[in-house]
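The values are calculated or read from the model by the stated rules, or taken from the named source; none is laboratory data. Quick caveat: nothing in here was measured; it's all calculated off a predicted structure. We place every Cβ from the backbone using ideal geometry, glycine too, and count neighbours over all the protein chains shown.
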Amino acid sequence: MLPGLEAAELPADAIEVGRVFDAWGIKGWFKVLPYSADPEALFSCKRWYLLPSEKGVKAFEGVCSLHVKEVKLHSGTVVACAQDVVDRSVADSLRGARIFIPKSSFPAAQEDEYYWVDLIGLEVINREGQSLGCVSELLSTGPQTVLVIEDTKNLKSESRMIPFVAQYIDDVNLPERRILVDWQLDY
């Protein structure tokens, strides 16, 4: 086992939030490639869970936990250091590791804000009560986010894209796992 890593079990609510991109400096810091434009969850959680990269040489096996000492932005890049990762060679061996954190460690979302992971799988229903399908993914197009809806109830799978903006989204109901939209079947 690498210094700084402990064997662990992945929490039931673990969400993949990024990857270790590269070593940074000579004192064990490493660069992180976050999967979110706002990587606040990486900054708020002090225990990350790592899985080895699917490709290349694996420096560790299974799930490991990493006690993070500090995470910060540096020149537009997220960099981090961890307990017992004290030199570049150990940091470099983490390259490609997938980073997971428990959803329970995410900062609370504000009113009318949602984590993408919470929207995936929700049924999308229009004002007429017609099901348009379920959210399969979200796309960031710069100025707005777009819901990608998969309709698998028909014999052929259809995709729709609906801008996630107030003009089209009437209500998001997480407990009922549905989104009410102003969108027609033939759009």
Which condition from (1) in contact with a Lys or Arg (Cβ under 8 Å, 6 or more places away or on another chain); (2) over 30 Å from Ala12 (Cβ atoms) is the one that Arg160 breaks? (1)
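What's the total number of residues in segment 139-157 that are loosely packed, with under 15 Cβ neighbours inside 10 Å and free of Cβ contacts under 8 Å to residues at least 40 places away in the same chain? Let's see the steps before the verdict.
We begin by selecting, within segment 139-157, every residue loosely packed, with under 15 Cβ neighbours inside 10 Å; these are 139-144, 152-157.
Next, only the ones that are free of Cβ contacts under 8 Å to residues at least 40 places away in the same chain stay: 139, 141-144, 152-157.
Here the count works out to 11.
Here is a yes/no grid of residues against (1) crowded, with 16+ Cβ neighbours inside 10 Å; (2) farther than 30 Å from Ala108 by Cα; (3) at pLDDT below 90:
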{"position": "Ile26", "(1), (2), (3)": "no, yes, no"}
{"position": "Asp38", "(1), (2), (3)": "no, no, yes"}
{"position": "Lys46", "(1), (2), (3)": "no, no, no"}
{"position": "Leu51", "(1), (2), (3)": "yes, no, no"}
{"position": "Ala59", "(1), (2), (3)": "yes, yes, yes"}
{"position": "Cys64", "(1), (2), (3)": "yes, no, no"}
{"position": "Val79", "(1), (2), (3)": "yes, no, no"}
{"position": "Asp92", "(1), (2), (3)": "no, yes, no"}
Looking at segment 127-138, is at least one residue surrounded by 15 or more Cβ atoms within 10 Å (Cβ to Cβ) and under 18 Å from Pro34 (Cα atoms)? yes
For the structure I just gave you, tell me whether Leu10 is aliphatic (A, V, I, L, M) and either exposed (fewer than 14 other Cβ atoms within 10 Å of the Cβ) or within 27 Å of Ser75 (Cα to Cα) (or both). no
Checking the condition more than 18 Å from the chain's Cα centre (by Cα), under 29 Å from Phe30 (Cβ atoms) and crowded, with 19+ Cβ neighbours inside 10 Å, which residue from Val124, Val85 passes? Val85
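Please enumerate the residues belonging to segment 81-115 that are of a type in the set (Phe, Trp, Tyr) and in contact (Cβ under 8 Å) with a residue 24 or more places away in the chain. Show your work before the answer.
Taking segment 81-115 first, the residues of a type in the set (Phe, Trp, Tyr) are 100, 106, 114-115.
Residues satisfying the conditions are Phe100, Phe106, Tyr114.
Among the residues of segment 60-82, which ones are under 16 Å from Lys31 (Cβ atoms) and assigned to a loop (DSSP other than H, G, I, E, B)?
Residues of segment 60-82 that are under 16 Å from Lys31 (Cβ atoms), as a first pass: 66, 68-82.
Ser75, Gly76, listed by residue number.
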Result of the Cβ filter at 6 Å on segment 20-37, keeping first residues that are farther than 23 Å from Trp116 by Cα and partners that are of a type in the set (A, V, I, L, M) and part of a loop (DSSP other than H, G, I, E, B), at least 6 apart or interchain, is Gly28/Val85; Gly28/Val86; Phe30/Leu94
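For residues that are over 13 Å from Trp48 (Cα atoms) and in a loop (DSSP other than H, G, I, E, B), scanning just segment 1-24, find the one that is modelled with the highest pLDDT. Break it down into steps so the answer makes sense when it comes.
As a first pass, look at segment 1-24 and keep what is over 13 Å from Trp48 (Cα atoms): 1-3, 12, 21-24.
Going one step further and asking which of them are in a loop (DSSP other than H, G, I, E, B), we end up with 1-3, 12.
Details: Met1: 68, Leu2: 75, Pro3: 76, Ala12: 94.
In this case the residue turns out to be Ala12.
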